[in-house]
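Reading through the structure tokens given below for one structure.
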Amino acid sequence: MQIMIIAGGSRGDVQPYVALGEGLQAAGHRVRLLASMNFRELITAHGLEFAAMNDLTEAMTQERVRELAEQGNLLKMVAATGRGAQQLAHQAAVAGLAAAAGSDLLIGGLGGLSVGVALAEKLGVPFIQAYLMPFSPTREFPSVLTPLPQSRLMGWANGLSHRLARQMMWQMLRSADNRARAEVLNLPSAPFWGPFGALRGQGLPVLYGYSPLVIPPPSDWDATIHVTGYWFLAPPAGWTPPAALVDFLAAGPPPVYIGFGSMPSRDPQETARLALDALARTGQRGILASGWDGLQADDLPPTVHMVGSLPHAWLFPQMAAVVHHGGAGTTGAGLAAGVPSIVTPFFGDQPFWGRRVHALGVGPAPIPRRRLTAEKLATAIEQAVSDGAMRQRAASLGERIRAERGVENAVAVITGQASSTDYADARVVTL
């Protein structure tokens, strides 16, 4: 088959789909990834075809977006980029139509849902949903995207929260989606309530690229839904880490990683000072990841090293603990590394992953970014590096997650060779 995967979002959103594409290509299929132009090198380094649909850094580095990101207000962020959303939807439709030519199958998650459904309709090919977080309604726990408190609700309220979250996301995208459908694809407007009913009626599989040990599959999900395990990406062939970083790691005990990925900061230097203060208070060595202008520091102490983008699968297992924003991909990498995670969520599904890490006993309670201080971060770091029971739980969970075959399981589902929705003894901690 010729398969196109639509991978919208930041690196943590894109990387699992690169791993899935590698697995599909190894199984004999031809795979093309449609993603932001920022990830051309990442995708082509793993031998996959690449098609660009936008420049994500332009949208994420706007001053107003930086401010709202730190406040954790996703709805205001979307409103602030309303005109940009129209442009992004148009670009995705144009690029996607060209890139999908000849495809037998389209695959996409939350960042590729609208354009994926539209392209599948235009081309008359199947579209398989492949998510990195729970998105199918269930009565067992609330939506991970709901702005309401994540407390245990009655079953009907849990189910309703998922449908409300879906509509919240869809209605924010509907105008831009319909305009792209009309202007680029010559398609009628999508249903007012979104494509979810039609997708469910097609009976195609729905994939979830996270571990069932982290989120047990709900008992009310049907047999079309598959929790496969994480889709981890190994470093590309021939990759070697920077020599200066290797020397730093060898020069002392394991450091603490602090990085917020693609999450922007209003004051990157102040954020770096906060991180340095927390490390100094705890006496820990540190690795600061600059991300997309989230951390900046010109004068670092010899106990701290600054890095750019690096494979988490290589770096995280060498850390004493990892501090990150709680994106789905980064959270999975932290859990697989077998070291405690400290999550400082900004918005979206990140608070959910922070609570999940804490509930599993493999990290301190999450600290929302808007409430992050050097004192709070130092307290969390001290707990993460000194709590023996937490460290043992993290090591044990990491070992079990690394033994899963998420990509293989997902490929088996896509090619029609799988027969079960569960791929592990998943009932570890209920939500």
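Readers should treat all values here as calculations from the given coordinates under stated rules, not as data from a laboratory. None of the values given here were measured: they were computed from a predicted structure. For neighbour counting, all protein chains shown are included, and Cβ atoms are generated from backbone atoms with ideal geometry for every residue, glycine included.
Summary of computed values
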quantity: Order of Ser262, Ser219, Ser36, Ser309 - criterion: other Cβ atoms within 10 Å of each residue's Cβ, fewest first; calculated: Ser219, Ser309, Ser262, Ser36
quantity: Anisotropy class of the stretch 313-367 from Cα gyration tensor, a/c 1.5 cut; calculated: prolate
quantity: Likely footprinting exposure, Thr228, Thr373, fewest C-beta neighbours within 10 Å first; calculated: Thr373, Thr228
quantity: Max mean-square fluctuation residue, GNM over the chain, Cα-Cα springs under 10 Å, options Trp239, Trp221, Trp231; calculated: Trp239
quantity: Among Phe347, Ala243, Gly259 - extreme Cα towards positive end, dipole of the chain, charges at beta-carbon; calculated: Phe347
quantity: For the stretch 243-402, size of Cβ-based charge dipole, Lys and Arg +1, Asp and Glu -1, in debye; calculated: 580
quantity: Placed amide H near Leu300: partners under 5 Å, 5+ positions off or other chain; calculated: none
quantity: Proxy reagent accessibility, fewest Cβ within 10 Å first, across Met4, Met154; calculated: Met154, Met4
quantity: Cα shape, the stretch 243-402, gyration tensor, a/c 1.5 rule; calculated: rounded
quantity: Protection proxy ranking, peptides 121-127, 246-252, 158-164, average beta carbon neighbours within 10 Å, highest first; calculated: 158-164, 121-127, 246-252
quantity: Axial C-alpha extent at least 24 Å, average Kyte-Doolittle at least 0.0 - helices from the chain (DSSP); calculated: 82-99
quantity: Theoretical ellipticity at 222 nm over the chain - DSSP helices of four or more residues, -39500 (n - 2.57) apiece, nearest 500; calculated: -13500 deg cm²/dmol
quantity: The chain: most fluctuating residue of Gly109, Gly326, Gly283 per GNM, C-alpha cutoff 10 Å; calculated: Gly283
quantity: Cα-based shape type of the stretch 358-410, given that a ≥ b ≥ c are square roots of the gyration tensor eigenvalues and the cut on a/c is 1.5; calculated: oblate
